[in-house]
Amino acid sequence: MSASRRWRAEGAPTEDSVRPHVLWLPPPEVIDYFGEVREVLAPYEDLVAPIADEDLHWTIQGAMSHDYADERVGPRQLKDAADALRTELADQEPFTLDIGPVALSRSAVLTRIWPHDVPADPPLHLNLRTRAGLSNAGLVLPEAAEAYFPHMSAAYGKVDTHYLAQMDRADSLASALLRRARHHVSTRVDSVWLVMETQHPDRHTYTFERIQEVSLGRRANRS
């Protein structure tokens, strides 16, 4: 949650800390997986803030707090976004993912998301279709990264670890993850959620309000 990662500029309204996102929310087997990871993280909460079960998510795509007309995103824009997502995701069939293992990055403890025995790349296609749906609804999107990196975070960093003492602690945490969190979990993705997500820099976390669930696949969206 460094200054460069904060959504709200100093002096900006608190509403700028709230942005629309499309998330995948994990089922019980994935929540249990992260519960095991949280046990590894427990001795290192001076460095990282573990994510609560109800806040675990995979970010498919985020959008800005204002639309192309420079209006703050509200119920009207969210309804349009849900309708556009439903149209775009009708051709995205449900798929299986592998989540894990867990590793320490520069700003978080995260797990990579992998396609499960699929020659294509359904996470990437889901991201591209989601971007198209949000754009069609008039939402403003951050510029796409050169490569899409699907992942889930287990914890967010609390301190800068470039000082020697924290570097030693970070090395210890990385070693603990290598020893005790090298497994993975497989799960099914059959829907996503349009949410309003809030960034809490003081708490080193994100929370969200669920707005609309959107099922994947034409058959699901007809039912």
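For the reader, a short list of remarks on this structure follows.
- Accessible-area composition of the chain, carbon plus sulfur, in percent [1.4 Å probe]: 49 percent
- ³J(HN,Hα), Karplus 6.51/-1.76/1.60, whole Hz, each residue of region 180-186, x for Gly, Pro: 10, 9, 9, 7, 9, 9, 9
- Relative protection proxy for 98-107, 131-140, from highest mean packing down: 131-140, 98-107 (other beta-carbon atoms within 10 angstrom).
- Evaluating 6.51 cos²θ - 1.76 cosθ + 1.60 at θ = phi - 60° for every residue in region 99-108, the Karplus couplings come out as 10, x, x, 9, 9, 9, 9, 5, 10, 7 Hz, glycine and proline recorded as x.
- Computed with a 1.4 Å probe over protein heavy atoms only, the accessible surface of region 51-137 comes to 46 Å² per residue.
- Near HIS183: Cβ cut-off under 15 Å, other residues only, Lys/Arg at +1 and Asp/Glu at -1. The net charge is 0.
- For semi-axes √(5λ) of the Cα gyration tensor in Å, calculated from these coordinates, the label among [x] 33, 18, 16; [y] 26, 21, 16; [z] 30, 23, 14: [z]
- Protection proxy ranking for 72-80, 51-59, 5-13, using the average of other Cβ atoms within 10 Å per residue and placing the highest first: 51-59, 72-80, 5-13.
- Helical content alone sets the calculated 222 nm signal of the chain at -9000 deg cm²/dmol, taking -39,500 (n - 2.57) per DSSP H segment of four or more residues and averaging over every residue.
- In degrees, nearest ten, helix 75-88 long axis to first principal axis of the chain (Cα): 90 degrees
- Filtered chymotrypsin sites (Phe, Trp or Tyr not before Pro), region 99-179: DSSP coil and at most 12 other beta carbons within 10 Å: TYR163
The values are calculated or read from the model by the stated rules, or taken from the named source; none is laboratory data. Keep in mind that this is a model prediction, so the values were computed, not measured. Cβ coordinates were reconstructed from backbone atoms using ideal geometry, including for glycine residues, and neighbour counts include every protein chain displayed. Surface accessibility is based on the protein's heavy atoms, side chains included, excluding ligands, DNA and RNA. Shrake-Rupley method; radii C 1.70, N 1.55, O 1.52, S 1.80 Å.
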